[in-house]
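The values are calculated or read from the model by the stated rules, or taken from the named source; none is laboratory data. Given the structure is predicted, the values throughout are model-derived calculations rather than measurements. FYI the Cβ positions are ideal-geometry reconstructions off the backbone, even for glycines, and counts take in every protein chain you see.
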Amino acid sequence: MRSGGVVGDRWVETEGGPLIGIPESVLEHWSGVFGADGGTDDYARACAVRELVGAIDVGGRTALILAGEPSDTTYLPEMRVFVRVLSQDAEDDEAVIAAVSEAAAGARWEWETEFVVHEPLVVFDSALGFDRLREGDWLRVEMPTGRHQVWCADVDVPDVAELRLVQFRLE
């Protein structure tokens, strides 16, 4: 797993399923593949999201789903963008981060959905249950509260990486 201490230097990864961003106040309601009360596991609900970006209910709050290909992911707060690495040519993550601003400026953005932010999100592999999260498994993401338009763009930065950018634009 990639490491680092701050968002943008710190990455989360998935073993194959989607990432989830759960509001901090309801994080303990997520059981991942381990099933809640012996019923359908939460992970199956996350996997049922077919769009690149979607949402499901967790503990009465809306959680963000980052679906699509399993990708190492970080968040750049200054741009309000998740950076998802689809493939990487560069030897270091700094080159990937350095390329994002220019890549975003020239990207062909497509609208995905709306998402309302009420509080910080904890982003991690949706297969993990709350009680199984360890340091390095998650990112804490702070965004301005309010309704956001969510836009996606796939960009190819030659000799660096192929990226999926997921940007949140406050309405």
Out of the residues in region 43-83 that are touching a strand residue (DSSP E or B) at 6+ places or on another chain (Cβ under 7 Å) and of a type in the set (Phe, Trp, Tyr), state the one that is surrounded by the fewest Cβ atoms within 10 Å (Cβ to Cβ). Tyr75
Picking from Val58, Val81, the residue that is over 30 Å from Val160 (Cβ atoms) and in contact with a helix residue (DSSP H, G or I) (Cβ under 9 Å, 6 or more places away or on another chain) would be Val58
Does Ala153 satisfy the condition of being touching a strand residue (DSSP E or B) at 6+ places or on another chain (Cβ under 8 Å), surrounded by 19 or more Cβ atoms within 10 Å (Cβ to Cβ) and farther than 28 Å from Asp41 by Cβ? no
Out of region 59-68, which residues are assigned to a strand (DSSP E or B) and over 16 Å from the mean Cα position of the chain (by Cα)? Arg61
Filter result for the condition that a residue is more than 18 Å from Glu142 (Cα to Cα), hydrophobic (A, V, I, L, M, F, W, C) and modelled with pLDDT of 90 or more, over Ala63, Ala67: Ala67
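State whether one or more residues within region 17-40 are among the aromatic types (Phe, Trp, Tyr), surrounded by fewer than 18 Cβ atoms within 10 Å (Cβ to Cβ), touching a helix residue (DSSP H, G or I) at 6+ places or on another chain (Cβ under 8 Å) and in contact (Cβ under 8 Å) with a residue 60 or more places away in the chain.
Here is the first cut: in region 17-40, the residues among the aromatic types (Phe, Trp, Tyr) are 30, 34.
Checking which are surrounded by fewer than 18 Cβ atoms within 10 Å (Cβ to Cβ) leaves us with 34.
From the residues that got through so far, the ones that are touching a helix residue (DSSP H, G or I) at 6+ places or on another chain (Cβ under 8 Å) too are 34.
Restricting the remaining residues to those that are in contact (Cβ under 8 Å) with a residue 60 or more places away in the chain gives 34.
Yes, region 17-40 has at least one match.
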Kindly evaluate Ala98 against the criterion of being small (Gly, Ala, Ser) and touching a strand residue (DSSP E or B) at 6+ places or on another chain (Cβ under 9 Å). no
Is one or more of the residues making up region 40-55 at pLDDT below 90, in a loop (DSSP other than H, G, I, E, B), within 15 Å of the chain's Cα centre (by Cα) and over 26 Å from Thr145 (Cβ atoms)? no
Has region 95-114 got any residue that is in contact with an Asp or Glu (Cβ under 6 Å, 6 or more places away or on another chain) and modelled with pLDDT of 95 or more? no
Looking for something outside any helix (DSSP H, G or I) and crowded, with 20+ Cβ neighbours inside 10 Å - is there at least one such residue anywhere in region 84-98? yes
Being in contact (Cβ under 8 Å) with a residue 60 or more places away in the chain, charged (D, E, K, R), under 23 Å from Gly17 (Cβ atoms) and not in a strand (DSSP E or B) is the filter here, so list the residues in region 132-155 that pass it. Arg132, Asp137
